[in-house]
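**Student:** Sharing a structure below in structure tokens format, with a few things to ask.
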Amino acid sequence: MGAGARQRCRLFLEGREVPFVSATITSSIGQPSVAMIDLVPEQTIKFIRPKTQVHVFVLDTLSFGDQNYYLAFEGEIVGRHMGKTSSSRYFRVTAVDYSAYWDEAKIYFT
């Protein structure tokens, strides 16, 4: 198991760049990839709806050796969660990649 490193990332929702705090992308065999993205709590994020397209790009000069951003995750939002503590507030979205549609198709057509 490797250790995480700070990466330069960009998040796009429906083609518009959105500021965010962090993104955790989880992938396992036989399951769709899932991204948990903590967004900056702004007034406009309340308009984010389910099925919104999500693209996460990463700048990784160690692996690729250049200054280009590479697609790390592509999917759509399936859930939202807001929270507030005594010292802060947060807004988290959960996104699943498009392979989830294959699972649904398999259920109905097998």
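**Student:** Tally up the carbon and sulfur contribution to the accessible surface of the chain as a whole percent, 1.4 Å probe, everything protein left in place.
**Tutor:** 54 percent
**Student:** Could I ask something else about it? How high is the relative contact order of the chain? Use alpha-carbon pairs under 8 Å, at least six apart in sequence, and give a whole percent.
**Tutor:** Over the chain, the number comes to 26 percent.
**Student:** Only residues of region 7-26 count here: report those whose backbone N is under 17 Å from the spot 7 Å along Cα→Cβ of Ser99, or say none.
**Tutor:** Residues 25-26 qualify, since their backbone N sits under 17 Å from the label point.
The values are calculated or read from the model by the stated rules, or taken from the named source; none is laboratory data. Note that the structure is predicted; figures quoted are calculated from it, not measured. Every residue, glycine among them, receives a Cβ derived from its backbone with ideal geometry; neighbour counts consider all protein chains shown. Remember, those area values only see protein heavy atoms, side chains included, never the ligands or the DNA or RNA. Shrake-Rupley method; radii C 1.70, N 1.55, O 1.52, S 1.80 Å.
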